[in-house]
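Scroll down for the structure; my scribbles are underneath it.
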Amino acid sequence: MLIQFTVGNYKSFKDNVTFSMVAANLVSQDKSLDANNTFEAGSKIKLLKSAAIYGANASGKSNLVQALKFMRAFVLNSSRETQAKDSIPVEPFRLSTETENAPSFFEVIFLLEGKKYRYGFEADGERVHSEWLFHTPANKEAKLFSREGDKFTRTAAFKEGKDIDERTRDNALFVSVVAQFNGKISQRVLGWFEDLHIVSGLKDTDSRYNTAEILEDDLLKRDVLPFIKQRDLGIEDVKIEHVPMNESKLVKNLTDDALIKLFLEKYGDTKDSIVKTVHKKFSNNGRVSSYVDFDLADNESEGTKKLFAFASSFCAARAAGHTLIIDELDARLHPLITLSIIRFFNSKESNPNNAQLIFTTHDTNLLSNKNFRRDQIWFTEKNKYGATDLYSLAEYKVRNDASYEKDYIAGRYGAIPFIGNLKILETSPDD
């Protein structure tokens, strides 16, 4: 479970900002939100099941997702995919002389197997400047290791890191290297990052194939297919067909002969999955006479393709109780479909394992005290120096019966675009 994430000096974030999934001490007008949208994650902590992030275009919403995505990739790959002289693909805040040569900051607090961990690092394009890992085995946080430049400090609780500091390159993370040498605690930390799923709501092709693979497993299909059918898309069943790669549409859509040859040389022995959706066919008297197969890629809407693509991610997160992060969740989806996904997570019944959904969106229809507690709504806003600020609606004194959507559009919470004088657009060229 994600508890908290902090990032600083990365892309549009100049100063450190913190995103939290800790439930604030507040009471909703609709008490069912407090019961369904939160869960006890221990004797002293209550977490949120979902969070929505709003903001104007270019305000930094996607950069927050990118920051988590970078951290995840660097933790998982820094010890095995980089060479000694490789640069670290981190981008500092570039609009200030104060930060352009300083390291970027990343820290995450998470819950794993009932224990809280705090892990973070500072890095620039050349090296890791600092790194730390703490855990909370009882009531008090305790250090496992820390790193400042070339100096590593380990505690007795982190015996697995012995002598591995000398094997850790400047551009690699200590926790990643220790995990490569079978360190148990380090492997658990990397395992948490592996289970943190981050996807783009605008790019769903890869996810479409993941869902197709899952639907070939009868046990997993029992989870995913009902999720798709319940969204009123007219789909009764899904079939997966395989064709040789040289007969695939991926190849047939290519026009360059040399490119086709290269493609088949690489993929010629494999097969491409074709997804068919099954729909009812009706007779004149309104009865079902037969069923018709549609090609998902050719015959279904873009919204249906997206929902199909992410159905496996939703169901997998729900089943395992993992955290799922989606940038632009609402893109190409009807508002009621988006709302149904959010309610899928904000429910004791449909989300018994307390999976978490974090997403960016522009859909103000969701901004309602009937859908979210105030601490589940976040905003990004850039200041006049181009730096992003991140804050929660819980920081505002807002009445429980307030119209979040109306107040947001009116600019009471910030995080909306300043368009300027719209009357200019209404002026005729002949005026």
Worksheet item: Of R169, R287, R332, which is the most mobile in a GNM of the chain whose springs link Cα atoms less than 10 angstrom apart?
Response: R287
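Let me know the volume per residue of the alpha-carbon convex hull for the range 23-116, in Å³.
Numbers: hull volume 17.0 nm³, N = 94.
Per-residue hull volume (Cα only) is 181 Å³.
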Worksheet item: Which of (i) 60, 49, 43; (ii) 78, 60, 59; (iii) 102, 59, 58 is the computed Cα extents along the principal axes in Å for the structure on display?
Response: (ii)
Discussion item. Can you tell me which of Q376, Q83, Q356 moves the most in a GNM of the chain? Springs connect C-alpha atoms under 10 Å apart.
Written reply: Q83
Worksheet item: If you plug each phi of the range 227-237 into the Karplus form 6.51 cos²θ - 1.76 cosθ + 1.60 with θ = phi - 60°, what whole-Hz ³J(HN,Hα) values come out, in order, with x for Gly and Pro?
Response: 4, 5, 5, 6, 8, 6, 9, x, 8, 9, 7
Worksheet, complete the sentence: Mean-square fluctuation maximum in Gaussian network of the chain, Cα pairs under 10 Å, restricted to T153, T360, T38, hits T153
Worksheet item: In whole Hz, what ³J(HN,Hα) sequence does the range 288-296 give by Karplus (6.51, -1.76, 1.60; θ = phi - 60°), x for Gly and Pro?
Response: 6, 9, 6, 10, 10, 8, 10, 7, 4
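In whole percent, and with a 1.4 Å probe on the protein chains, what portion of the accessible area of the range 309-358 is carbon and sulfur?
Carbon-and-sulfur percentage of accessible area, whole number: 54.
Exactly which chymotrypsin sites (Phe, Trp or Tyr not before Pro) in the range 324-385 are in a DSSP loop and have at most 14 other Cβ atoms within 10 Å?
Passing both the DSSP loop test and the Cβ count: Y385.
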Response to the item:
Ranking T380, L225, I3 by how far each Cα lies towards the positive end of the charge dipole of the chain (+1 on Lys and Arg Cβ, -1 on Asp and Glu Cβ), the top one is I3
Worksheet item: Which pairs in the list K239/K280; K46/K406; K49/K229 are over 20 Å apart, alpha-carbon to alpha-carbon?
Response: K46/K406; K49/K229
Practice prompt. Hey, can you find the accessible area per residue of the range 316-428 for me, probe 1.4 Å, expressed in square angstrom?
Written response: 50
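The values are calculated or read from the model by the stated rules, or taken from the named source; none is laboratory data. Just so we're clear, the structure is a prediction, and the values are computed from it rather than from any experiment. Here the Cβ is made from the backbone with ideal geometry for all residues, glycine too, and neighbour counts use every protein chain on show. The protein model used for the area step is the full one, side chains on, heavy atoms only, and it has no ligands, DNA or RNA in it. Shrake-Rupley method; radii C 1.70, N 1.55, O 1.52, S 1.80 Å.
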